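Peer 1: Have a look at this one before I ask anything.
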């Protein structure tokens, strides 16, 4: 699997990343055995980037990931990208320094590691002085608990503000990544965030690149009983993306896949993976077989005319 630099930083990641949102989830989630199969096949294929968050199952996903690393996959094989979604507590909440560092320490404990390769701040908190938030990043990097810092779903002006303020405090506080939903169904990042990221040398980590599975075409005729959308926890995310516009985009993906002799998954994932500014597309999988299908897109590159047609049909309204 090819690797890319994240923005203008020295950090390298596989251009397909593995998401762990459903690991440890008791509702149609992935248990330790299934997670082991996924992570092992991912690493065997050359994958390095693994994304996790303390909000995934209230820490359950990180607990599972930590168990798998301890038993089956050496920590040094991975680039761990963690993000915080810490609730309020005695040290504050949101982007308060105490809350951020406490959340980071709890994440490291669950994972059984002494550092994250990429620590992504949970959004932009206007109730806490930005200098305080950035000082937490400075402490985390200087203490070795994090190697690089990034942001989760910022607006363009927020990313630009953090980048400019960070440079004034020192290079270690400047974000190198922005994790955001990005797919043929969701291109809002192109309006404001992507230009800001490009200007400041920030790489995008695109999550939900398959439009929550809608772009694979499996929901065209309803909800399969064995799909995530069949579970109450995940159904709302899928239903929000099933509409008249998405139906046109899905049909275009199916047509392109048929013409290229490949899968709709490969078409949709390749489109995101190779968009300007994208460092990696982060995929989630129900099982190892589903993950293998995503990794098989490594050999797929869309012809210019196919890419242009998909660009046109998916233009945001």
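The values are calculated or read from the model by the stated rules, or taken from the named source; none is laboratory data. Being a predicted model, the structure only gives us computed values, none of them experimental. For neighbour counting, all protein chains shown are included, and Cβ atoms are generated from backbone atoms with ideal geometry for every residue, glycine included.
Peer 1: Would you mind finding the one in 48, 127 that is farther than 14 Å from residue 152 by Cβ and surrounded by 21 or more Cβ atoms within 10 Å (Cβ to Cβ)?
Peer 2: When all the criteria are applied, what remains is 48.
Peer 1: What are the residues in region 51-78 that are out of contact with any helix residue (DSSP H, G or I) (no Cβ under 7 Å at 6 or more places or on another chain) and in a strand (DSSP E or B), if any?
Peer 2: Scanning region 51-78 gives 51, 53.
Peer 1: I've got another one for you. Check residue 273 against each of (1) crowded, with 17+ Cβ neighbours inside 10 Å; (2) at pLDDT 95 or above; (3) within 30 Å of residue 80 (Cα to Cα); (4) more than 19 Å from the chain's Cα centre (by Cα) and name the one condition it does not meet.
Peer 2: Among (1) crowded, with 17+ Cβ neighbours inside 10 Å; (2) at pLDDT 95 or above; (3) within 30 Å of residue 80 (Cα to Cα); (4) more than 19 Å from the chain's Cα centre (by Cα), residue 273 violates only (4).
Peer 1: Within region 276-296, track down each residue that is in contact (Cβ under 8 Å) with a residue 40 or more places away in the chain and part of a helix (DSSP H, G or I).
Peer 2: Within region 276-296, 288, 291, 292, 294, 295 qualify.
The rows are residues; the columns are (1) assigned to a helix (DSSP H, G or I); (2) at positive phi; (3) at pLDDT below 95; (4) surrounded by fewer than 21 Cβ atoms within 10 Å (Cβ to Cβ).
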| position | (1), (2), (3), (4) |
| --- | --- |
| 37 | yes, no, no, yes |
| 41 | yes, no, no, yes |
| 80 | no, no, no, no |
| 95 | no, no, yes, no |
| 101 | yes, no, yes, yes |
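Peer 1: Within the set of pairs 6 or more residues apart or between chains, which connect a residue that is touching a residue at least 60 places away in the same chain (Cβ under 8 Å) and on the phi > 0 side of the Ramachandran plot inside region 127-141 to a residue that is part of a loop (DSSP other than H, G, I, E, B) and surrounded by fewer than 17 Cβ atoms within 10 Å (Cβ to Cβ) with Cβ atoms less than 6 Å apart?
Peer 2: Pairs found: none.
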